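One structure is given below, encoded as structure tokens.
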Amino acid sequence: MLVEISDHIFQPFRAIRNLGRSLTVLLSSALGLAYVLPAILSSHGMRPALLDFALRASLTKAIILAALFYAARHFGLKLGRNVAGLMLGFSIYVGVNIANFACDKQFGNLYSGILWVMSPVAYTLCLLVWTGALWNLAPMPETRTVPIAADSDSEGLVLELTRFNNALSRFLHK
């Protein structure tokens, strides 16, 4: 889901679309190895291991979503209704899961009954937001892509590549 969201965010920048995918995959891998995997290896018992894994996986997804929100804002990209709805729905789902798993970890058996009710509620809220966002979907207008170098439009190609280079340079210098 996160890779799909990153593809839609970087759709106007076809030349650097792999940046979004790379950002998502690298953050997932790094946080998975450094944050999620130790929870599985160092836990005592199956139930605490599963809950700790779910909590840490949800936090990892939230960090990646925040990075994608930042990338969209940094590049000044307008999110279509469908992409904004996907991000909002997924954010609601991840946020409710983080709160649920953190409460279960803190309160233990006292919260266990509520946890198994709230998880489907979070999923249902996510699906409702997605349905609303994708209802009567109007596709995002196709943006102009970088043309293949032609003799008549080589100046336009140079200007587009310069714009991409400047945006990427500003991003890397920050």
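The values are calculated or read from the model by the stated rules, or taken from the named source; none is laboratory data. Everything quoted here is computed from the prediction, not taken from an experiment. A quick note on method: Cβ atoms are made from the backbone with ideal geometry, for glycine too, and the neighbour counts reach across all protein chains shown.
Could you check how many residues of region 4-36 are modelled with pLDDT of 80 or more and either more than 20 Å from the chain's Cα centre (by Cα) or among the small types (Gly, Ala, Ser) (or both)? Residues in region 4-36 being modelled with pLDDT of 80 or more and either more than 20 Å from the chain's Cα centre (by Cα) or among the small types (Gly, Ala, Ser) (or both): 7 in total. If you check Arg163, Arg170, Arg144 for being of a type in the set (D, E, K, R), modelled with pLDDT of 80 or more and out of contact with any helix residue (DSSP H, G or I) (no Cβ under 6 Å at 6 or more places or on another chain), only one passes: Arg163. Of everything in region 78-119 that is touching a residue at least 12 places away in the same chain (Cβ under 8 Å) and polar (S, T, N, Q), the residue that is farthest from Leu55 (Cα to Cα) is Asn82. Of the residues making up region 6-21, not one is within 20 Å of Ala57 (Cβ to Cβ) and in contact with a Phe, Trp or Tyr (Cβ under 7 Å, 6 or more places away or on another chain).
A count restricted to region 62-92 and to residues that are closer than 21 Å to Gly132 by Cβ and part of a helix (DSSP H, G or I) stands at 16. Residue by residue through region 35-61, note down the ones that are exposed (fewer than 15 other Cβ atoms within 10 Å of the Cβ) and in a helix (DSSP H, G or I). Of everything in region 35-61, those that are exposed (fewer than 15 other Cβ atoms within 10 Å of the Cβ) and in a helix (DSSP H, G or I) turn out to be Tyr35, Leu37, Pro38, Ile40, Leu41, Met46, Arg47, Pro48, Leu50.
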